Amino acid sequence: MSRITDLQKNLFGGTTSNARQFGMISTLVAIVLLFQIWTGGLTLTSGNLIAVVSQYSYILILAIGMLMVIVAGHIDLSVGSVAAFTGIVVAKAMQEYSIPWPLGIVLGLLVGAVIGAWQGFWVAYVGVPAFIVTLAGMLLFRGGNQYIGNADTVPVPLGFRDIGAGFLPEVGPDTGYNNLTLLLGLLACLGVVAREFKARQTRREMNADAAPLWVTGIRLAVMVGVIVFATLRFAGGRIGTSVPISGIILIVLVLAYSYYTRNTIGGRHIYAVGGNARAAELSGVKLKRVNFLVMMNMSVLAALAGMIFVARSAASGPQDGLSWELDAIAAVFIGGAAVSGGLGTISGSIVGGLVMALLNNGLQLEGVGSDMVQIIKGLVLLLAVAFDVYSKKQGRFSIIGALARPFQRDQADTSAEPPKTATDTDTDKAQVAG
Amino acid sequence: MTRPPTLLEMRSITKTFPGVRALADVSLVVAEGEIHAICGENGAGKSTLMKVLSGVHPHGSYTGDIVYRGENVQFHDIRASEQAGIVIIHQELALVPGMSITENLFLGNEPRRRGSIDWKTAQRRALELMEQVGLHEDPDTLIKDIGVGKQQLVEIAKAFAKDVKLLILDEPTAALNEADSQHLLDLLRGFRERGITSIIISHKLNEIEAVADTITILRDGRTIESLDVRADGVNEDRIVQGMVGRELNSRFPDHTPDIGEVFFEVRDWTVKHPSSEDRLVCKGSGFTVRRGEIVGFAGLMGAGRTELAMSLFGRSYGHYVSGQVFKDGREIQLKSVPDAIRNGLAYVSEDRKSIGLNLLDDIKTSMVAAKLSKIARRRVVDPVREHRVAEEYRQSLRIKTPSVDEGVVKLSGGNQQKVVLAKWMFTDPDLLILDEPTRGIDVGAKYEIYGIIQRLVDQGKGVIVISSELPELIGLCDRIYTVFEGAITGEVTRQDANPELLMKKMTSLTKTATP
Amino acid sequence: MRRGIIRGIAAIGAVALLGLGTACSNEREGSSSDKGAAAKGFAKDSLIGVALPAKTSENWVLAGDLFTNGLKDAGFKADVQYAGASTTVADQQAQISSMVTKGAKVIVIGATDASQLSTQVAAAKQAGATVIAYDRLITNTPDLDYYIAFDNYKVGQLQGQALIDGMKAKKPKGPWTIELFSGSPDDNNSKVFFDGAMNVLQPLIDKGDIVVGSGQKDIKQTAIQGWKAENAQSRMDGLLTSTYGSKKLDGVLSPNDTLARAIITSVKGAGKPVPVVTGQDSEVESVKSIMAGEQYSTINKDTRKLVAETINMVTSLQKGDKPQINDTKSYNNGSKVIPSYLLPPVIVTKENAAEAYANDPKLSPLTK
């Protein structure tokens, strides 16, 4: 049993919902392969991958913030409206007062922060449930969008459009690929290897048995393989296209927030508040401050997502942000977060969001109508969470066992002495459980 | 002495869970009309045995026979066992807080007339049932408005509504105060006179000794022995010996106190109730703690001990009115939990699961949760140090777990309590306040926890122990304060402490002078 | 043994990487000059993408069906998509991107928000596709190739005239009291309709023959967000309460049938006599209403004709010919003047309904 958990942990990282994440990653791979075959290879073309990233990056950015909100035990229904409101404010400011676009972005983030402070105040310091505060916010800021924009569309200047529709520029010699993207890929590979090395070192320092070398090998091979593949795809798109700027913003945010939630005191506090607010408070966690910051952060990210969408659409319109909150919430739950809070990871939510995005994209490539797409997405959400609930009831994630068993046998056959620790810990556990 | 006829016989019951043998060849013989106690440490298999009996683990999932009233019975679910008159009352009460006593009594079993609920009959039957268990309340009172003790009675009355022949009580007095416990035990004796058989599972050995006719002791999923209380001259030590498999010379580890100067003092501590403005939960309390001293707080449930502790711990309860706290001669401000932690206070709450731990966390995360800054560099947690700290505590507190990466939810109550203790020891406190530190914990683990407390004071820390079990306070503490209705009513030293004296001070307001 | 495994994995990894590398056929190509591509034409069985707004009106559903069948009959592969009802803009953006990925040669877009598609239109253009704006002009982009629609300014003029004619028929002498409604502000056509109608109405308003009862004459005041019936109905409810307690309402300028029916429902709900109400689109319910004498007029913009002309355009592009254009100056989308092909609309009232719908299998039975 412990060998299986070992493999999960070692192959897919993270601490909590490993099984869940493994399940989601397999689902993602399955969806990609399915559509890759079904669409005759269109899914993994450069053009399509680039389009998917720029199309869904704003939803994934929302999912980052939403994950933290949901982990803390709240929900935010207002993100779409906040995004739309920020979009129109920024667009109007740039159009009517002709402020330069970098200032426009700063203004947008500021608007997000102010809105977030407003919502955070009600949630954290007054104690109104976030569901209500953000439901109110949803109406408030949607109305605000229409009031300011007169329900009209307002175009944004060219420079601004880059954050949503721009790509890494072409520099350096003609390699047949986008050079900056190649560089980025190289950095990613180095980063992965370095991280793996550091993780092994950490395990050794803990006196814990580091993962067997072959596991590390597979893990690195898989990850580097994926990165190389993605790099070549993104670097090999039509000239002028490469990794979208919005994709780079997304990657930076994912890395930063993953690190924050996993490794810092602030991140720990969010999980503590969501897991048991009273216990967290009695352990010295400043409950109100955590709740305030989580809500505020969400609105800032929503503002950013709104600006990216506006940039990509070249204009801010009255329909911006409609039902984005639902997409973001769905991504988080598909990614394994618990409805009651306290559980979930950024990477899980991103995978969840990608599952939805690729599903959407694949079905559209197949020419399936948006009505059917919605039905299918609804079912996927329901089944993903139902499967989660079911496997939790069963106590074990059976797919994991099935997938890991061959490895386990392999190990037993090949290693000279039987894995003694495994049996020891098993009996230990039995005693504790009994 | 002729033994009455046998009501229930469970023969060589064996029940295995994947990887664990919970029961191995267990036998149990219960005579008609007796009070039969089942004792054993946590994990000995008591609850599993009762789940087999009541059909929670259905027939076929175990081996062995159950003979009930002379027949070989096979229960496939709880309904089947209830129909046979076997009713089990769990530790966690199955009542709906927002419904009235009547509604709860007949939940799922409502008397009907022409398709709708016949509330008149229900009302009348409810009064009858409540009379049987000595519960004198308006049947329309909501469950949440009556105390735990009375809720327990409602649960028992519910059993009577189902025409009970064999009543099984799992830790019935764990959450009750002395008076309520006493009432419940009297009730059981009354049932015995009316010919109702009871099985009682309890950690409170003094109660078992007082009330049981027969005691069956389980250990590691096996029946160890069955004792006839009167004939065998059973006492607590005898039971403990059976449970732990060795003779316990003492229930408390040997300890020579090394008590120093007063370093912590509270004066005139007054706190208002959080919702009703005119109610005081602490009335001008004052007390002191010396270095190396274990100070006990005795009082009935609701006397205000927990409220006093929590309000001191960063004003986590009620509204502060007045009072001062001195540490090492200087006045300190404890306006928030971080303040309290910074000033070297630690509070281990009485309710581990609902406010002590985040049950989603693993062991190492829980242990460092109250002072993350100690293992962090520039607000970033260092996993190596975290792991090392957790390993140290796992070893020094002898926490039974294969790894500190396991979830706390998998641990037994005693081990969870050790994790909570580790969490607070990690904050380097000077004063630990332990609220009911051994509630719901088996004898062996209690002994270990007493040892931990003694080691803490040997390091020169002060420890406050709040407990409802007087023998525990008397055995462990160097000095005991008694609390009654929010006020400190007395101070008793180890030499003078005895249950009678404490009980008297816990129930009256004759205030003795406190320093 | 263990070393063997590691070596095996390393080998597999290397092979996989090599495989991936070669599988990554480079898609790099310069932004091919699409004018040339259009001039050369393309294969006869190429994919043609059609992106339409949400199925909020019968016309879009009909157009979709006509495109699917018509393109297939013409030998093309058709991919016809509607935007989802709640996430229209984002959906349409994604659908157009998918069409580009699939290599559509021509993409016909009935825009859901005409000013939020420039990124996708640019991508399509770079991939060598020709983009045709269908019915609604896409703005803020230099990459749009053609625009095909009914002459919407003319539609507005016809609506204005019909309103006057209808009121004159009921009450020969002015002044007449009217209310103005216009379409969704994010639809570029709304302003064109409104301007056309005002072109006819304004002189009479200036003379005082026509009075706008509420005084709301600005397009911002009269706009109905999303062309939604419920929004029109609530605006009308409001107007009736605020302005027409005792005053009589003679006519309402409504830009389309869905809104016209909503306005009539509102008036009837308030227990007032039904005024002269204009419309557009020849929706079944409105034709019934006209025959029953409630709605006064509608516009017949025969979707069949528009779709047929669009498919003609696609066919000429396929052959490498220049498609037929009849207007090269009216439609500036903010970046350039778009070559357009405009079809003439027809006004329909009870009198000429039978004649106007003679060729329409669905509507002609209603006029008998």
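What follows is calculated from the coordinates using simple rules that are stated; it is not laboratory data. These numbers were taken from a predicted model, which means no experiment stands behind them. We place every Cβ from the backbone using ideal geometry, glycine too, and count neighbours over all the protein chains shown.
Some points to look at:
- Counting only residues at least eight positions apart within a chain, or on another chain, the aspartates and glutamates with an alpha carbon under 14 Å from that of B:Lys418 are B:Glu350, B:Asp351, B:Asp362, B:Glu391, B:Glu392, B:Asp435, B:Glu436, B:Asp442, B:Glu448.
- Cα gyration tensor category, rounded, prolate or oblate, for chain C with a/c compared to 1.5: prolate
- Placing +1 on each Lys and Arg Cβ and -1 on each Asp and Glu Cβ, with no other charges, gives the protein assembly as shown a dipole about its Cα centre of roughly 2380 debye.
- Counting only DSSP beta bridges whose two residues both lie in chain B, roughly 60 percent are antiparallel.
- For the set B:Lys283/B:Lys353; C:Lys305/C:Lys368; C:Lys170/C:Lys228; C:Lys207/C:Lys268; C:Lys173/C:Lys268, the pairs lying more than 27 angstrom apart at their alpha carbons are B:Lys283/B:Lys353; C:Lys170/C:Lys228; C:Lys207/C:Lys268.
- Segment B:5-111, dipole about Cα centre (Lys/Arg Cβ +1, Asp/Glu Cβ -1), debye to the nearest 20: 320
- Taking amide hydrogens as placed 1.01 Å from N in the peptide plane, the amide H of B:Ala37 sits under 5 Å from those of B:Ile200, B:Asp213, B:Thr214, B:Ile215, B:Thr216, each at least 5 positions away in sequence or on another chain.
- Helices that extend 15 Å or more along their long axis by alpha-carbon positions and average at least -0.5 on the Kyte-Doolittle scale are, among the DSSP H runs of chain C, C:2-23, C:58-73, C:88-101, C:188-207, C:257-269, C:303-319.
- By the count of other C-beta atoms within 10 Å, a proxy for reagent exposure, C:Asp143, C:Asp165 are ordered fewest to most as C:Asp165, C:Asp143.
- Estimated from helices alone, the mean residue ellipticity of chain C at 222 nm is -14500 deg cm²/dmol (sum of -39500 (n - 2.57) over DSSP H runs with n ≥ 4, per residue).
- Surrounding net charge for C:Ile138, when Lys and Arg each add one and Asp and Glu each subtract one, Cβ distance under 14 Å: -3
- Whole-number percent relative contact order across chain B, with pairs defined as alpha carbons under 8 Å at least 6 apart: 14
- Its DSSP H runs of at least 4 residues, each contributing -39,500 (n - 2.57), put the calculated 222 nm mean residue ellipticity of chain B at -9000 deg cm²/dmol, to the nearest 500.
- The charge dipole of chain B, taken about its Cα centre with unit charges on the Cβ atoms of Lys, Arg (+1), Asp and Glu (-1) only, comes to about 1240 debye.
- The protein assembly as shown: antiparallel DSSP beta bridges as a percent of all, rounded to 5: 50
- On Cα atoms only, tilt of B:443-458 relative to the major axis of chain B in degrees: 10
- Net charge in the neighbourhood of B:Gly292 (other residues with Cβ under 10 Å of its Cβ; Lys, Arg +1, Asp, Glu -1) is -2.
- For segment B:107-164 versus segment B:350-365, the spacing of their alpha-carbon centroids is 35 Å.
- In sequence order, calculated HN-Hα J values of segment A:104-120 (Karplus, 6.51, -1.76, 1.60; Hz; x Gly/Pro): x, 5, 4, 4, x, 5, 5, 4, x, 5, 5, 4, x, 5, 4, 6, x
- The fewest-to-most ranking of A:Val294, A:Val52 by surrounding Cβ atoms within 10 Å reads A:Val52, A:Val294.
- Cβ-to-Cβ counts within 10 Å put A:Glu96, C:Glu285 in ascending order as A:Glu96, C:Glu285, the fewest first.
- Global geometry of segment C:152-301, whether rounded, prolate or oblate, following the gyration tensor of its Cα atoms and the 1.5 cut on a/c: rounded
- Net +/- balance of residues flanking C:Thr243 in space, Cβ distance below 12 Å, scoring K and R +1, D and E -1: +2
- Rounded to 10°, Cα long-axis angle of helix B:119-132 versus longest principal axis of chain B: 70
- Relative contact order of segment C:152-301, taken over Cα pairs closer than 8 Å and 6 or more residues apart, is 26 percent.
- Once backbone amide H atoms are built at 1.01 Å from N, B:Gly296 has B:Val465, B:Asp478, B:Arg479, B:Ile480, B:Tyr481 as its partners under 5 Å, excluding neighbours fewer than 5 places away on the same chain.
- The trypsin sites (Lys or Arg not before Pro) of segment B:211-277 that meet both conditions, a loop assignment by DSSP and at most 16 other Cβ atoms within 10 Å of the site Cβ, are B:Arg246.
- Placing R0 at 45 angstrom, the Cβ-Cβ distance between B:Lys144 and B:Arg379 gives a FRET efficiency of 0.60 after rounding to 0.05.
- Length-normalised contact order of segment A:173-243 in % [C-alpha pairs under 8 Å, at least 6 apart]: 52
- Efficiency of FRET from Cβ geometry, B:Asp65 and B:Arg194, R₀ 25 Å, rounded to 0.05: 0.30
- Beta bridge orientation in chain C: antiparallel %, DSSP, nearest 5: 15
- Pairwise centroid distance, computed over Cα atoms, of segment C:235-286 with segment A:217-242, Å: 60
- Placing dummy labels 7 Å off each Cα toward the beta-carbon, the span from A:Glu96 to B:Met503 is 8.0 nm.
- Of C:Leu71, C:Leu52, C:Leu62, the residue with the greatest mean-square motion in the GNM of chain C, using alpha carbon springs below 10 Å, is C:Leu62.
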